[in-house]
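First the structure, in the form of C-alpha cells, and then the observations on it.
Throughout, read-outs are computed from the coordinates displayed, never taken from laboratory work. Given the structure is predicted, the values throughout are model-derived calculations rather than measurements. With ideal geometry, Cβ positions are generated from the backbone for all residues, glycine too; neighbour counts draw on all protein chains shown.
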Amino acid sequence: MVATDTPATDLRDRRSTRIPAKRRGSGVNTRREMVAGYAFLSPWLIGFMVITAIPMLYSFYLSFTNWDLISNAGQYVGFRNYVRMFTQDPAFWNSVRTTVTYAVVATPLKLAVALGVAMLLSRPRRGVGTARALFYLPSLLGGSVALALVWQALFSRAGAINAFLAWFGITGKPWVNDPQYVMGTIVLLGVWQFGAPMVIFLAGLKQIPRELYEAASVDGAGSWRQFRHITLPSLSPVIFFNLVLETIHSFQIFTSAYVIGGGQGGPVDATKVYTLYLYLTGFGESRIGYASALAWVFLLAVGLLTVVFFRTGRFWVHYSDGDER
Amino acid sequence: MTAVLPRPVAAPSRAGGPARSRSVGGTVLRTVLVLGLLALVLYPLAWLLAASLKPNDEVASNLSLLPHAPTLDNYVRGWTGMQTISFARFYVNSTVIALGVVVANCVSCLVTAYAFARLRFPLRGMWFAVMIATLLLPHHVLIVPQFVLFKFLGWIDTPLPLIVPKAVATEAFFVFLMVQFMRSIPRELDQAAKVDGCSPFGIFWYVVMPLARPAVVTTAIFSFIWTWNDFFSQLIYLNSPDHYTVPIGLRLFVGGEGQTELGPMFAMSMLSLVPVFLFFLAFQRLLVEGINTEGLKG
Amino acid sequence: MRSVPTTGTPFSRRRLLSAAVAVGLGAALTACASSGPTEAPAPQVAAMETGPVELTIFWWGGDARAQLTHQVLALYTQKHPNVTFKETWQANAGYIDKLNTNLAANSAADIFQLDDNMLGGVAARNQTLDLSNYVAAKRIDITKLSSSLVDYGKVGGKQAAVPLAENTPGMVFNKTLLTSLGVEQPQIGWTWEHLISWAKDVSAKTNYKTYGTMDPSADYKALWVWLRQQGMDFYNGNKLGFSEADLTRWFQLWKDARDQKAAPPADIIHVANAGDVTKQLVVTGQAATSFMWSNQMPELAKSTKDTLGVVSYPGDPKGQWARAALYFAGNAKTTHPAVVVDVMNFFINDPDAGKILGTERGLPANTDIRTSVQNSLTDPNMKATVDFENQIAPKFGPAPNVPPNGQSSVRTLLITEAEKVQFGQLSPAAAAKEFMEQAALKLTA
C-alpha cells in the first residue's frame, strides 16, 4: 500500500484527523469507500440477482431432475444425472477429451501469435494501422456460418490447402472430413482469429512508458532482455487477462465446431465439444435436466481451473497499483 | 505514456544508439514477415469474396479461388431477393441493437470495474469470484429460465432482452478486462486526487475514467462485433421477421430443405462485414492515438 | 411462469390441474356449441368463433414459402374478416430450439409447422392440440386425402397433426452424367445389389472421379425403406423394430459397396451425411446418386448445371410410403381451437389456397388439388417429380407409425455409428451393437 497510510498525508486530509492512529481501517473514509463501492456495484448486483442468479439456481435445481422442457413427469432424480454422466456416458468423456485437447493446443498458440504480431505492429510506421485492422478482420467474421463454410471448402479433399501442398508433392488428407484431423482445422480456425487478443495486447503495450526502454538500452540491455524484464512484466496483467479468458473461451468453443461438424459434432463425434454436446442434449434431445447437470460440472471444472490461475497468478503478475491479489 | 511504443522482440534497438545501422535490415525483415502473415491470414477472406462473386450453381461445385464466371448477381439477389423483407431491414435492426449494447456495456462495465478495482468494501472478493463464475456457465442452459423472465416482462420480440442485461454489466468479460486495465493505473494518481479533496466518485470521474480509455474502446469494439454476430439469443427473442437481425437473416439463405442460396449468403456475409469493419476502424484510432499522460508525470 | 417439475409420480398435481382446466374449458365451450359429438377424452369440438380473433402462426422455410403462406393467410382473412394473423417464420436452423423454448415458456404460436422428426417428441409431451374429434366432426375434411397419409399424423392413437403435403423417398440421379457415360438410368424395382454393381461400373467409367452411388448407411430413411421391404419397420411402438443382426447386415452391405468402390470413401460421404441439400454428392459431382426425399429434387437442381432425375429407392417399392412432408399442428393450449382447425382445413382443402401453395411444400395432400396443380406446373423438374410420385403411389406399402419421442437422437446416433464403420473405426457388427445399446437408452429417456 502506498502514501495514504503515512501520517503526513492523513494530516492533509482534514477529515481523517479524527481517525485514531491504530484504527486506520475504519472511519469515515473507509465507510465512504464502502458506500461508494456498493453504489458503483449496484447495477451489477441488481442485474446479477435478477437476470443471472435466479436462472443459475433454477438450472442447478433442474440438474437434479429429468425434465424434458415441458413437464409431464419432470421427476426429481437426485444425483442420477451426475452419476450417469461420469459412469455411463462415453459421449461425455469424448466431449471432455475433445474440448481439453482443443483448449490446451489452441490457447497458447493463439496468444503467442497474438503477442508476436502485436509487437510487430506496435511501432508507429506507415501502414501499421491498416495492417492492424486487416489482422483483426478474421475476428470480425469469426462466429459466422459463412466462414466455417469457407474453412470447410479450403480444408476439404479438393480444397486450396491440398492444392498448395500438392506443389510440394504432398498428397493432402481430407482434413475437415476426417475424424483424426478435423479438430486440427478447428484449432487453426481459432488461432486464425488471434486479432482479438492482439488488440488487447496492443492496448497493453501502449501503456508501457517508453522511458523504461530508453533507460534500459542506455544501460546496455539488448532487445531480448528488454522483452523479458520490461515488456513481459508490464504486460503481465494483460497477459493474465488474455490467458484466463482465452482459456475459458476455448473451453466454451461452440460455433466453429457446430458449423464445421455439420451441426452434429461429426465426423464420428470428433467435433462434439463439450458445449456442443450440452446444446445437443438440451435442445436437440430436450433433456434439459441432464444438460443442466452438464453445465454445472462444466462450471465447477473451469471454475477450479480459474482459481488455479488466480492463485498462481500471484507469482508472476505484476500490478503497478501495488495491489497484489 | 506517449504514442511511441516499445520495441518488438526481433528488432534491434532503435532509440538513437549503436544499432542504427542494423535497423534497415530489421525493418525489411519485419515488413516481409508482416506481409507474409497478412497474405496467409487474409486468404480465407479473399476466398469468401471470390465465392460471393460466383454464380449460385458454381459455389458448391467450384472449390478453387477464382470464379469461372464472376457476377454481381448474388449481391443484387441477396439484398432485394427477399420479397417479404429487404436485407436493409436486418442491417438497421442489427445496428440499433449493437449500438445499444455498446453504450450499455461501456457504461455499466466501467462503473462495476471501478468498484472491483479501486474500492474496498466487504465481500468484494466474493462478488468478484461470483462474477467470474458467471462467465463459465454455458448460456444454453440459462436461456430457458431467462426467456420465461422476459416473457413475463413482455419484452419478447423487442430488442430489450438483448440490451438491458448488458446495461447491468452481465458481460463479465468486459468487467474483468477493465479491472485489469485499471489495476495498471498507478495508485498515486488516486492519492493525489484524494488529497485534492476528491470523493471516490470524483476519482472515478477525473482520474480513472479518462485513463481507462483503451479498455473502454476495446470494450466498445468487441461489444459491437459480438452483438453483430450473435445468432442464438437474437433468434430466440425476436419473433417477427421485420425485427430480425443480420445473423438470422443470413441463415435464411441456407435453409436445410428451403432455398439454397449459398451465393447470396456469401455476398450478404461480405456486406455484413462492412459496418463492423468501419466501426472497428473508427474506434481503433482512439487506440492508436494513445493516451496523453502528461498528467502522470510530475 | 411455467411451474417447476414436481416430485412424485407422473400423475402430479400439475397434470391433474391442467386436465381439469381442459375439461372445464371443454365444458364451457360445449355449452355454446351448436353441434359436435359428446363425451370424448379429447377436447370437445368447439364452436366456430365470430368475434375478432388473432392467431399466431409459426413455420420454417425460405422467402418463397413465406410469401405463399402469407398470401393464403390473407385470403383466409378475406373470407373470414374477423380472423387476423401474426406470422413468424425463419430458417430451419434453430427452428425446433425456438419452438421448444416457446413451448416451455407457454408462448408458442397457435399453429406451428412440424415434420415427422419433431412430431413424435412434441406430441408425446402433449403439446399438440388433439384433432381427433375435429376430424371426426368433419371440421377438417380428410375425404380427399389418402388415409395412410392422414394416419401418418397420428401419435398414440390421436390425430396430433394434419399433413400439408406429401413426399416419399426418392433417389436422385444425375441424368446428364449417366447419359454421357452411356449407362442406363436407375429404374424402379432395381435391387440394392444391382444398384451397387451398377454403381461399381459407373465409378470405374469415370475413373473414380465420380462414384456410382452415395452410401446411405448413415441415413435413417434409407434404412427405414430397406427394413420395410423385408417386412419389418424402423420402430415398433416405442422400441426399435429391427434387430442387431439386421443392422449388421445393413452396415456390411455398404462396407462391401465402399470396398468395391461403388461408393466413395468416408470423408466424402461424411459431408453429405449432414443432410444439407447443397452438399449432396449428386450436385457436387462426387457421386451419381443421392438418397433424398422426392420433392427435394427441384431444390437440388438449383445447385448444378446438370439435369437430374428421380426414382424410388432400390428394392421393392412397397417399402416406400406416403410421407407427410410437413404438418400443421395446433397448440394444445390455444384459446381458439375452432379457428385453428378451420385454418388448417383451409390450407389443405381450399382450392384457391391449394393453387397458391402449389408444390412448394411438396405434393398437395388433397388429391383433387393435386391434380389441378399438376396440370399447371411449368418447371420441368417439378413436373418430373410429380410424375414420379404418381407413378410410385399405387405401389406404396402401408404407412408406418410416426417415429416416437427420441427419434431425432436415434437418427443422429445412426449417423455416428455408421460413420464409425465408414471410417474403419469399428466393424459393422461392433457398430450395430453399440447402436442398439445406445438407442435403447435414447428411446426410454
Checklist entry - So what does log10 I(q)/I(0) come out to for the range C:126-177 at q = 0.13, 0.17, 0.22 Å⁻¹, using the Debye formula with one equal point on every Cα and no solvent? => result -0.41, -0.57, -0.83
Checklist outcome for this item: The Cα extents of the range C:85-176 along the principal axes, largest first and rounded to whole Å, are 51, 35, 28
Item to check | Cβ-defined net charge surrounding residue B:31, 12 Å radius [Lys, Arg +1; Asp, Glu -1] | outcome: +4
Item to check | Inter-site label distance for residue C:377 and residue C:260 at 7 Å from Cα along Cβ, in nm | outcome: 3.3
Checklist entry - If the viscosity is 1.306 mPa s and the temperature 10 °C, what translational diffusion coefficient in µm²/s does Stokes-Einstein give for chain C when Rh comes from Kirkwood over Cα pairs? => result 69
Next on the checklist: For a 29 Å ceiling on Cα separation, which of these pairs sit above it: A:110/A:206; C:79/C:138; C:261/C:395?
Outcome noted: C:261/C:395
Next on the checklist: Taking amide H atoms as placed 1.01 Å from N in the peptide plane, list the residues 5 or more away in sequence, or in a different chain, whose amide H sits under 5 Å from that of residue B:252.
Outcome noted: none
Checklist entry - Distance in nm between label sites at residue C:302 and residue A:212, each 7 Å beyond Cα in the beta-carbon direction? => result 5.8
Checklist entry - Among C:200, B:166, what is the fewest-to-most ranking by other Cβ atoms within 10 Å? => result C:200, B:166
Item to check | Inter-part distance where the range A:76-145 and the range C:323-392 are each reduced to a Cα centre, Å | outcome: 47
Next on the checklist: What whole-number volume per residue, in cubic angstrom, does the convex hull of the C-alpha atoms of the protein assembly as shown give?
Outcome noted: 181
Next on the checklist: Need one number: convex hull volume per residue for the range C:299-353, Cα atoms only, in Å³.
Outcome noted: 182
Checklist entry - Using a ≥ b ≥ c from the Cα gyration tensor of the range C:283-331 (square roots of the eigenvalues), is it rounded, prolate or oblate, where a/c under 1.5 gives rounded and otherwise the larger of a/b and b/c decides, a/b for prolate? => result oblate
Next on the checklist: To make sure I understand, if each residue's beta carbon is the centre and we count other beta carbons within 10 Å, what order do C:219, C:352, C:116 fall in, fewest to most?
Outcome noted: C:352, C:116, C:219
Checklist outcome for this item: Rg/Rh of the range C:296-427 (Cα atoms, Kirkwood Rh), to two decimals, equals 1.04
Checklist entry - So what is the orientation-averaged projected area of chain A, using the convex hull of its C-alpha atoms, in nm²? => result 25.1
Checklist entry - Hey, got the dipole for the range B:84-294? About the Cα centre, +1 on K and R Cβ, -1 on D and E Cβ, debye to the nearest 20? => result 500
Item to check | Cα-projected label distance for residue A:86 with residue A:164, points at 7 Å along beta-carbon direction, nm | outcome: 4.5
Item to check | Which listed pairs, of C:221/C:333; C:98/C:355; C:209/C:302, have C-alpha distances above 26 Å, in listed order | outcome: C:221/C:333; C:98/C:355
Checklist entry - Averaged over all directions, how much area does the convex hull of the C-alpha atoms of the range B:50-185 cover when projected, in nm²? => result 13.4
Checklist entry - To the nearest 500 deg cm²/dmol, what mean residue ellipticity at 222 nm is calculated for chain A from DSSP H runs of n ≥ 4 alone, each contributing -39,500 (n - 2.57), summed and divided by the residues? => result -19500 deg cm²/dmol
Item to check | Candidate aspartates and glutamates for bridging to residue B:54, where Cα separation is under 12 Å - those fewer than 8 sequence places away on the same chain excluded | outcome: B:73, B:261
Checklist entry - So if we plug the beta-carbon distance of residue A:61 and residue B:103 into 1/(1 + (r/R0)^6) with R0 = 35 Å, what FRET efficiency do we get, rounded to 0.05? => result 0.50
Next on the checklist: Given bins 10 angstrom wide, list per bin the percent of all Cα-Cα distances in the range A:168-278, short to long.
Outcome noted: 12, 29, 22, 18, 14, 4
Item to check | Exposure proxy order (Cβ contacts within 10 Å, fewest to most) of C:321, C:190 | outcome: C:190, C:321
Checklist entry - Taking amide hydrogens as modeled 1.01 Å from N in the peptide plane, which residues meet the under 5 Å criterion relative to residue C:170, leaving out close sequence neighbours? => result C:292, C:293, C:294
Checklist outcome for this item: Rounded to 0.05, the calculated FRET efficiency for the beta carbons of residue C:425 and residue A:228 at R₀ = 51 Å is 0.65
Next on the checklist: Give me the one-decimal Kirkwood hydrodynamic radius in Å for the range B:119-189, with the sum taken over alpha-carbon pairs.
Outcome noted: 14.5
